[in-house]
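Visitor: Below you'll find the structure I mean.
A short reminder: the numbers here are calculations on the coordinates, not readings from a lab. These numbers were taken from a predicted model, which means no experiment stands behind them. Note that each Cβ is placed from the backbone with ideal geometry, even for glycine, and that neighbours are counted across all protein chains shown.
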Amino acid sequence: MTYCVAVRVDRGLVLLSDTRTSAGVDNIGRFRKTFTYENPGDRAIALMCSGNLSITQEVRTSLSRAIKESQADPEIETLLNCATMHRAAQIVGDAMASVQQRYRSTIEMQGSAADATLLLAGQRKGGKPRLYMIYSAGNFIEATADNPFFQIGEHKYGKPILDRIITPETTLERAAKAACVSMDSTIRSNLSVGMPLDLTVIEKDAYSFRMRRRIEADDDEFLSISESWSAALRRGFEDLPTILD
C-alpha cells in the first residue's frame, strides 16, 4: 500500500509521498511514488501513484516514451508541450485507460486487483496551479477551494489534521508542515506506509520546482516535527475536561 497527499493552496502546491509497497507481511518493497516533469520557466508538473504497481509503472513509461519521441516529432502531444493542465490530466487519463484496457482482465484473472489512482499537480505559464485525481477508468476530478487537497492510498489516518489546517489561504510552509504531520500519523498507524518520503513543492508562477527532497528515516527536521506533534497531542489530551467522575 502507500500514502500520497497533495495540497493546492493560493501560493502553490505541496506533495508528499512514502515509498513503501507491500504484497503481504513478508513481501515489502520500496518504490518512488512521485515523478516530476519540468520545462523551467514554462511548466512544472508532478505525478503521484497509488495502486497496482505494474499499472502505474506502465502509465509512466507511456508518458515518458511520448516525451522522448516528441523530441524528434514535435507534433506528438505530451505533458511538456500540451496547452493546459486540464489537457495534461486528459493525457494521463488516456494513458491510464489504455493500460487498464490492455492488462486489467488478465491481472484480475490471476486474482490480483488492477485498480490504480494517480494525482497530477502542476502549473504551466499562463495558467493557475492545478491538482487532479485520476481514476482507473481515466476519468478525473479537480481540487477546488472547497476541497483543496487530495489523498490516495491509506488516507484515513492522515486526514484529520488536513481537515483542520488546510484552506486556500494556507501558506506553503504551513501546508508542508501539515502534510508531514499527516504522513507521520499514517506511518504510526499503518505498517504498509513507510520511509523514506518524497517532498515536492511548486510555488505559484515560478514554473519550476521550489523543492524536490528525499526525507530519510533519520531526517532531523522530520523527526522534530514528529516528536513535537506527539508532545503537543499529549499536552492537549491532559488539558481536556474529564467526562468520568
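Visitor: For the range 100-155, which trypsin sites (Lys or Arg not before Pro) are both in a DSSP coil and crowded by at most 14 other Cβ atoms within 10 Å?
Guide: Within the range 100-155, the qualifying trypsin sites (Lys or Arg not before Pro) (loop, at most 14 other Cβ atoms within 10 Å) are Lys125.
Visitor: Can you pull the semi-axes for the range 136-245, root of five times each eigenvalue of the Cα gyration tensor, sorted largest first, whole Å?
Guide: Equivalent-ellipsoid dimensions as semi-axes: 27, 19, 16 Å.
Visitor: Starting from a Cα-only point model with no solvent, please compute log10 I(q)/I(0) by Debye for the chain at q = 0.13, 0.17 1/Å.
Guide: Taken in order of the listed q values, log10 I(q)/I(0) reads -0.80, -1.29.
Visitor: Counting other C-beta atoms within 10 Å, which of Asp18, Asp146, Asp94, Asp218 has the fewest, and how do the rest follow?
Guide: Fewest-to-most ranking of Asp18, Asp146, Asp94, Asp218: Asp146, Asp218, Asp94, Asp18.
Visitor: So what's the gap between the Cα centers of the range 186-223 and the range 36-68, to the nearest angstrom?
Guide: First find each Cα centre; the distance between them is then 18 Å.
Visitor: Just to confirm the filter: which GluC sites (Glu not before Pro) across the range 119-212 are DSSP coil and have at most 14 other Cβ within 10 angstrom of their Cβ?
Guide: Glu169
Visitor: Further question on the same structure: Taking the Cα centre of the chain as origin, work out the dipole magnitude from +1 charges on Lys and Arg Cβ and -1 charges on Asp and Glu Cβ, in debye rounded to 20.
Guide: That gives a dipole near 420 debye.
Visitor: Please give the calculated 222 nm ellipticity per residue for the chain, where each DSSP H segment of at least 4 residues contributes -39500 (n - 2.57) and the sum is spread over every residue; nearest 500 deg cm²/dmol?
Guide: -12000 deg cm²/dmol, from helical runs alone.
Visitor: Only Cα pairs under 8 Å and at least 6 apart count here; give the relative contact order of the chain as a rounded whole percent.
Guide: 28
Visitor: If you don't mind, another one. Given N residues in the range 157-218, what is Rg(Cα) / (2.2 N^0.38 Å)?
Guide: Here the answer is 1.21, to two decimals.
Visitor: Based on other C-beta atoms within 10 Å, arrange Cys82, Cys4 from fewest to most.
Guide: Fewest-to-most Cβ neighbours within 10 Å comes out as Cys82, Cys4.
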